[in-house]
Amino acid sequence: MSESGPTLESFFAVPIAHAQMEQHERLCDELERLFLEKEAQGDAVRHQKYIDTMHGELFESRFDLFRWPDPPVRQLTGWCHSQLAGVVQDLNGYDDATMASLQFDYHAWFHITRKHGYQGQHNHPNASWSGIFCVHPGEIVEGRSDSGLVRFHDPRTHIDMYSDSGNRELRPPWTMGTCDWRHRRGQIVLFPSYLRHEIYPYLGARPRIVVAFNCWINRAGRRPHAMPIQDG
């Protein structure tokens, strides 16, 4: 009887989910027009705090976007929530009754990035899940595949303390290092809020526009484990 080899398991995995909105063109056009109009209002909608990681031509709105009454925002809010709720239910194994008892609270905002705008490495404290929806990815710049790229960083401390032929070519899901993400119009990416990420300098002429959000989730009537930051 031959001896079988070791059984491989995957622990400490980082879940990253993505989905493509069907028939997104009209909604993205409406959102783009709305956000460019709001950008022109300047400080009336600009977020004034937590700008240490933002550089260059990058406009960030206040964190109340998902509470706006505008029809395209209401449609986007409902779709983003449904995508996140599905991921939460699947990963936690919640039944429908448990999902009905949960309260989802959001901070959401839009980014407009113009030429040479970028964000340094950061994560999103006081939330369990974060997401980015792409309204428009901007222009493709020839010879610069990193323009506007989102780079996620491996959260395992000291994972790269030593590298040789025994671990340099590990295949997914055991790879280490970074994960590069290129936005597509109408696509959402969802990730744990602890995951550090950065946005590389955008080099196109057309504005790059995304919606970002953080979410914390609690049973109805229970106090959050960490009170979220307040937008003011």
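How about the stretch 152-172: which of its residues are of a type in the set (A, V, I, L, M, F, W, C) and in contact (Cβ under 8 Å) with a residue 24 or more places away in the chain?
To start, the set of residues in the stretch 152-172 that are of a type in the set (A, V, I, L, M, F, W, C) comprises 152, 159, 161, 170.
The one that is of a type in the set (A, V, I, L, M, F, W, C) and in contact (Cβ under 8 Å) with a residue 24 or more places away in the chain: Phe152.
Applying the selection to the stretch 66-82, what residues are assigned to a helix (DSSP H, G or I) and open to solvent by 50 Å² or more (accessible area, probe 1.4 Å)?
Residues of the stretch 66-82 that are assigned to a helix (DSSP H, G or I), as a first pass: 66-67, 71-82.
Residues satisfying the conditions are Arg67, Pro71, Arg74, Gln75, His81, Ser82.
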**Message:** Pairs please, first residue from the stretch 125-151 and farther than 17 Å from Trp109 by Cα, second anywhere and open to solvent by 60 Å² or more (accessible area, probe 1.4 Å), Cβ atoms under 7 Å, 6+ apart in sequence or on different chains.
**Reply:** Gly138/Arg206; Glu139/Ala205; Glu139/Arg206; Leu149/Asp180; Leu149/Arg182; Arg151/Thr178; Arg151/Asp180
**Item:** Contacts under 9 angstrom Cβ, first residue in the stretch 61-80 being touching a residue at least 40 places away in the same chain (Cβ under 8 Å) and hydroxyl-bearing (Ser, Thr, Tyr), partner in a helix (DSSP H, G or I) and open to solvent by less than 20 Å² (accessible area, probe 1.4 Å), 6 or more apart
**Value:** Ser61/Phe35
**Item:** Residue match in the stretch 131-139 (condition: closer than 22 Å to Gly117 by Cβ and touching an Asp or Glu at 6+ places or on another chain (Cβ under 8 Å))
**Value:** yes
**Message:** For the structure I just gave you, tell me whether Arg33 is at pLDDT 95 or above, basic (Lys, Arg) and open to solvent by 20 Å² or more (accessible area, probe 1.4 Å).
**Reply:** yes
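Quick one: count up the residues across the stretch 105-158 that are in a loop (DSSP other than H, G, I, E, B) and of a type outside the set (A, V, I, L, M).
From the stretch 105-158, those in a loop (DSSP other than H, G, I, E, B) are 114-117, 123-128, 137-149, 154-158; that's our starting set.
So of that shortlist, the ones also of a type outside the set (A, V, I, L, M) come out as 114-117, 123-126, 128, 137-139, 142-148, 154-158.
Within the stretch 105-158, residues that are in a loop (DSSP other than H, G, I, E, B) and of a type outside the set (A, V, I, L, M) number 24.
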**Request:** Looking only at the stretch 92-124, count how many residues are farther than 25 Å from Ser82 by Cβ, open to solvent by 50 Å² or more (accessible area, probe 1.4 Å) and not basic (Lys, Arg).
**Result:** 3
**Asked** Only one of (1) in contact with a strand residue (DSSP E or B) (Cβ under 6 Å, 6 or more places away or on another chain); (2) within 14 Å of Gly204 (Cβ to Cβ); (3) among the small types (Gly, Ala, Ser); (4) surrounded by fewer than 21 Cβ atoms within 10 Å (Cβ to Cβ) fails for Gly143. Which number is that?
**Response** (1)
**Request:** Name every residue in the stretch 205-222 that is more than 21 Å from the chain's Cα centre (by Cα) and among the small types (Gly, Ala, Ser), in order of residue number.
**Result:** Ala205, Ala220, Gly221
**Message:** If the requirement is being part of a loop (DSSP other than H, G, I, E, B), of a type in the set (D, E, K, R) and out of contact with any helix residue (DSSP H, G or I) (no Cβ under 7 Å at 6 or more places or on another chain), which of these qualifies: Arg185, Arg168?
**Reply:** Arg168
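The values are calculated or read from the model by the stated rules, or taken from the named source; none is laboratory data. Remember, predicted model here, so these are calculated numbers, not experimental data. As a convention, Cβ positions derive from the backbone with ideal geometry for all residues, glycine included, and neighbour counts pool all protein chains shown. Ligands, DNA and RNA are stripped out before the accessible areas are found, and what is left, the full protein with its side chains, is counted by its heavy atoms. Shrake-Rupley method; radii C 1.70, N 1.55, O 1.52, S 1.80 Å.
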